[in-house]
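J.: One structure, as structure tokens, below. Some questions next.
The values are calculated or read from the model by the stated rules, or taken from the named source; none is laboratory data. Being a predicted model, the structure only gives us computed values, none of them experimental. For neighbour counting, all protein chains shown are included, and Cβ atoms are generated from backbone atoms with ideal geometry for every residue, glycine included. When the accessible area is computed, the model is the full protein with side chains, heavy atoms only, and any ligands, DNA or RNA have been set aside. Shrake-Rupley method; radii C 1.70, N 1.55, O 1.52, S 1.80 Å.
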2 protein chains.
Amino acid sequence: MHILITAGGTDEKIDDVRKITNQATGRLGKVIAERLQHEQVTIHYVYGPNAVLPKSPANGTLLFYPIQSVNDLYHQMEQLLTTKKIDYVIHSMAVSDYYVKNSIASEQLAHMIATQIDHHAVESLEQQIDTILKTNHFYPEQTDKKLSSDTEQLFIRLNKAPKVIQSIKKWQPATTLIGFKLLVGVSEEHLTQVALQSIQKNQADLILANDLEKINDTEHHAILVDPTGIIERFETRQDIASGLQSLIHANLA
Amino acid sequence: MHILITAGGTDEKIDDVRKITNQATGRLGKVIAERLQHEQVTIHYVYGPNAVLPKSPANGTLLFYPIQSVNDLYHQMEQLLTTKKIDYVIHSMAVSDYYVKNSIASEQLAHMIATQIDHHAVESLEQQIDTILKTNHFYPEQTDKKLSSDTEQLFIRLNKAPKVIQSIKKWQPATTLIGFKLLVGVSEEHLTQVALQSIQKNQADLILANDLEKINDTEHHAILVDPTGIIERFETRQDIASGLQSLIHANLA
């Protein structure tokens, strides 16, 4: 049996020095991988920068695939899912929704908008400006390896990245997809609703939904949701790993 | 003798999950602190998230001050430099030039600009738009704990942060300030020019200037610049630490 686990977060480069990243530590993916090593499985472990890594296995096989950005992740996942039979995808990575397109000083942005506007078409001003903001060739080329810090106000322009989770079942329709959803400071009811929407939108089989405010060094509260609603509640990373192991073990037997 | 070392990088929060950070590891600050512990000194070690930390000292005293953002750093440095006599400041931290003001979808930004423009004053359009971009109260309040990922294009608006290095001599004029300058892919001549400008602008006594393309796991090429030009060249972090130790040791004797 082959299991693909993603863990940690992604880094989106602003320049050679600066980056946008997230709080993900990879601790949950590590615990899940270490638990699943007790089964006779091959784990493909795709992880982001700074993720803590699982220990090498006693049984089974653990293969590592490091990635940096959401675009790296997309290509790595496509490669794995279109060339290997993967029974389970446990997609715990905190993936950036956006990648960095470019950066622009407020003065440059103002100049760009002012020089592109057609003053005679005032009734469509908002539409015009939105088009200007979205059109790549209006922007100055980003040539510096490190952004200047001369400008008082800077805009970093982000574009939506391809949704990796939405592509998984397209690449491999027969795999079982366990997605993850992280929200901050919401009710269990809201978390469940968002998990159900995620199942629909991403053709996921299960969603492990959690709230950043209920995660710390020792605890990790989470709910496991299938199309019918909550099927299990967890309080620690070890609980979550055991729950997923049981699911997979039942399928192995 | 009291020495203040800053090390690692800063994190600027975009929301509760996302942040802007940099590549700094804190390795150089760690090596410098460990070397200086052989002297009878008290080290005040101000460090950012993810920085590797120096080992606890055999001699002397090592006090830790964790910070997150550039604004945290500013207040921590102000507190230390206005209340304690600090003989040397070794400011190796990679400090963000900007902090995150807010985030806005391109549609919202277009709407905001379009509704604020005075169409009759077309000759000052660029100036008007720049004013709109820079004025805080035109922006929608950022209330979500986690940004929505619904929009196709997002702008993160950054404002210039207070320059910590420029405040050090204002807080404590008699301290010896060793600043650091990191560039990417430049000539030694250019690096020296930028270091000399930094000495002037920041009232630094010395600048350790380095190039990201000449730093790896084992090597760390750098030049030490005083107002007369390059006074020493280094090839490793151990070299740099020894050079700074010699400087400080000569002053102790």
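J.: Which ranges mark the strands (runs of 3 or more DSSP E) fully within segment A:22-108 that have 3 or more residues being open to solvent by less than 20 Å² (accessible area, probe 1.4 Å) and more than 14 Å from chain B (Cβ to nearest Cβ)?
T.: Details: elements: A:42-47, A:61-66, A:88-91, A:98-105.
Hits in segment A:22-108: A:42-47, A:88-91.
J.: Let me ask you something else. Can you pull out the residues in segment A:180-194 that are open to solvent by 20 Å² or more (accessible area, probe 1.4 Å) and within 14 Å of another protein chain (Cβ to nearest Cβ)?
T.: Across segment A:180-194, the qualifying residues are A:Phe180, A:Lys181, A:Leu182, A:Leu183, A:Gly185, A:Val186, A:Ser187, A:His190, A:Val194.
J.: Sticking with this structure for a sec: Of all residues in segment A:163-179 being under 16 Å from A:Ala94 (Cα atoms) and open to solvent by 40 Å² or more (accessible area, probe 1.4 Å), which is farthest from the chain's Cα centre (by Cα)?
T.: A:Gln166
J.: Also, quick follow-up: What tally of residues in segment A:205-225 results from selecting those that are within 13 Å of A:Leu191 (Cα to Cα) and away from every other protein chain (no Cβ under 14 Å)? Quick ask: steps written out before the conclusion?
T.: Filtering segment A:205-225 for residues within 13 Å of A:Leu191 (Cα to Cα) gives A:207-214, A:221-225.
Applying the additional criterion that residues be away from every other protein chain (no Cβ under 14 Å) yields A:207-208, A:221-225.
The qualifying residues number 7.
J.: Would you check if B:Gly229 is modelled with pLDDT of 95 or more, touching a strand residue (DSSP E or B) at 6+ places or on another chain (Cβ under 7 Å) and farther than 26 Å from A:Ala105 by Cβ? Full working, then the answer.
T.: Working: modelled with pLDDT of 95 or more: yes; touching a strand residue (DSSP E or B) at 6+ places or on another chain (Cβ under 7 Å): no; farther than 26 Å from A:Ala105 by Cβ: yes.
It is false that B:Gly229 is modelled with pLDDT of 95 or more, touching a strand residue (DSSP E or B) at 6+ places or on another chain (Cβ under 7 Å) and farther than 26 Å from A:Ala105 by Cβ.
J.: Return yes or no: is B:Pro66 within 20 Å of the chain's Cα centre (by Cα) and either of a type in the set (Asp, Glu) or at pLDDT below 95 (or both)?
T.: On the way: within 20 Å of the chain's Cα centre (by Cα): yes; either of a type in the set (Asp, Glu) or at pLDDT below 95 (or both): no.
So B:Pro66 does not fit the description; no.
J.: Sticking with this one: Within segment B:84-102, can one find any residue that is assigned by TED's automatic domain parsing to the domain that holds B:Ile215, more than 15 Å from the chain's Cα centre (by Cα) and free of Cβ contacts under 8 Å to residues at least 40 places away in the same chain?
T.: no
J.: Continuing with the same structure: Checking B:Lys201 against (1) within 16 Å of the chain's Cα centre (by Cα); (2) basic (Lys, Arg); (3) buried (at least 20 other Cβ atoms within 10 Å of the Cβ), which test does it fail?
T.: It fails just one condition, (3).
J.: Go through (1) facing another protein chain (nearest Cβ under 10 Å); (2) under 30 Å from B:His249 (Cβ atoms) for B:Gln127 and report which single condition fails.
T.: (2) is the only condition that B:Gln127 fails.
J.: Any chance you could count how many residues in segment A:216-235 are without any contact (Cβ under 8 Å) to a residue 60 or more places away in the chain and open to solvent by less than 40 Å² (accessible area, probe 1.4 Å)? I'd like the intermediate steps shown before the answer.
T.: Kept after step one, since they are without any contact (Cβ under 8 Å) to a residue 60 or more places away in the chain, are these residues of segment A:216-235: A:216-219, A:221-235.
Narrowing the set further to residues that are open to solvent by less than 40 Å² (accessible area, probe 1.4 Å) leaves A:222-226, A:229, A:234.
Count: 7.
J.: Residues A:Ala222, A:Ala204: which one is part of a loop (DSSP other than H, G, I, E, B) and closer than 26 Å to A:Leu81 by Cβ?
T.: Values: A:Ala222 fails: part of a loop (DSSP other than H, G, I, E, B).
So the residue among A:Ala222, A:Ala204 that is part of a loop (DSSP other than H, G, I, E, B) and closer than 26 Å to A:Leu81 by Cβ is A:Ala204.
J.: Here is a follow-up. Read through the list (1) surrounded by fewer than 23 Cβ atoms within 10 Å (Cβ to Cβ); (2) touching an Asp or Glu at 6+ places or on another chain (Cβ under 8 Å); (3) not aromatic (Phe, Trp, Tyr); (4) not in a loop (DSSP other than H, G, I, E, B), then give the number of the only condition that A:Met112 fails.
T.: Unmet for A:Met112, out of (1) surrounded by fewer than 23 Cβ atoms within 10 Å (Cβ to Cβ); (2) touching an Asp or Glu at 6+ places or on another chain (Cβ under 8 Å); (3) not aromatic (Phe, Trp, Tyr); (4) not in a loop (DSSP other than H, G, I, E, B): (2).
J.: Mind checking which residues of segment B:73-111 are farther than 30 Å from A:Ile104 by Cα, among the aliphatic types (A, V, I, L, M) and in contact with a helix residue (DSSP H, G or I) (Cβ under 8 Å, 6 or more places away or on another chain)? Don't jump to the end; show me each part of the working.
T.: Initially, segment B:73-111 is screened for residues farther than 30 Å from A:Ile104 by Cα, giving B:76-90.
Among the residues that remain, those that are also among the aliphatic types (A, V, I, L, M) are: B:77, B:80-81, B:86, B:89-90.
Across segment B:73-111, the qualifying residues are B:Met77, B:Leu81, B:Ile86, B:Val89, B:Ile90.
J.: Here is a follow-up. Working only within segment A:1-21, note down all residues that are among the charged types (D, E, K, R) and part of a strand (DSSP E or B). Spell out the reasoning first.
T.: Step one: filter segment A:1-21 for residues among the charged types (D, E, K, R), giving A:11-13, A:15-16, A:18-19.
Listed by number, the residues that qualify are A:Glu12, A:Lys13, A:Arg18, A:Lys19.
J.: Can you tell me which of B:Gln166, B:Gln142 is more than 8 Å from chain A (Cβ to nearest Cβ), modelled with pLDDT under 90 and over 30 Å from A:Asp118 (Cα atoms)?
T.: One residue alone meets the criteria, B:Gln142.
J.: Here's a follow-up. Which residues, counting only those in segment B:149-162, are more than 20 Å from the chain's Cα centre (by Cα), facing chain A (nearest Cβ under 7 Å) and either at pLDDT 95 or above or open to solvent by 20 Å² or more (accessible area, probe 1.4 Å) (or both)?
T.: B:Ser149, B:Glu152
J.: Quick check on B:Thr10: is it more than 10 Å from chain A (Cβ to nearest Cβ) and among the β-branched types (Val, Ile, Thr)?
T.: On the way: more than 10 Å from chain A (Cβ to nearest Cβ): yes; among the β-branched types (Val, Ile, Thr): yes.
Yes.
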